[in-house]
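Let me begin by presenting the structure, written as structure tokens, before commenting on it.
The values are calculated or read from the model by the stated rules, or taken from the named source; none is laboratory data. Just so it is clear, the model here is predicted, and its values are computed rather than measured. Cβ coordinates were reconstructed from backbone atoms using ideal geometry, including for glycine residues, and neighbour counts include every protein chain displayed.
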């Protein structure tokens, strides 16, 4: 899964569309492996849940994108908001 590293939450937000595109192309087993990767990031569980749901969301409403934007706005003001 070269190129799908999440170096920081800022990086995830800047590359989330590309990550989602490449995520869709992964096989079932690769998606399971990537899920383990996401859930091992040093962020709060609810942040990882939203990131994971965003990657899996196939709807046109982009519900999780709005949640990510809200989290990111809080993160910009206080970096500790997302960490355990």
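Picking from 50, 81, which residue would you name as being without any contact (Cβ under 8 Å) to a residue 40 or more places away in the chain, over 11 Å from the mean Cα position of the chain (by Cα) and surrounded by 16 or more Cβ atoms within 10 Å (Cβ to Cβ)? Before you say what the answer is, go through the steps one by one.
Numbers: 50 fails: over 11 Å from the mean Cα position of the chain (by Cα).
Exactly one residue qualifies, and that residue is 81.
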Inset, instruction - Within the range 61-84, track down each residue that is touching a strand residue (DSSP E or B) at 6+ places or on another chain (Cβ under 7 Å) and part of a helix (DSSP H, G or I). - result: 82
Legend entry - Count of residues meeting criterion [loosely packed, with under 11 Cβ neighbours inside 10 Å, within 13 Å of the chain's Cα centre (by Cα) and without any contact (Cβ under 8 Å) to a residue 24 or more places away in the chain] in the range 22-44: 2
Inset, instruction - Give the number of residues within the range 55-69 that are farther than 16 Å from residue 11 by Cβ and touching a helix residue (DSSP H, G or I) at 6+ places or on another chain (Cβ under 9 Å). - result: 8
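Quick grid of which residues meet (1) outside any helix (DSSP H, G or I); (2) modelled with pLDDT under 95:
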residue: 1; (1), (2): yes, yes
residue: 14; (1), (2): no, no
residue: 19; (1), (2): no, no
residue: 31; (1), (2): no, no
residue: 37; (1), (2): no, no
residue: 41; (1), (2): yes, no
residue: 46; (1), (2): no, no
residue: 49; (1), (2): no, no
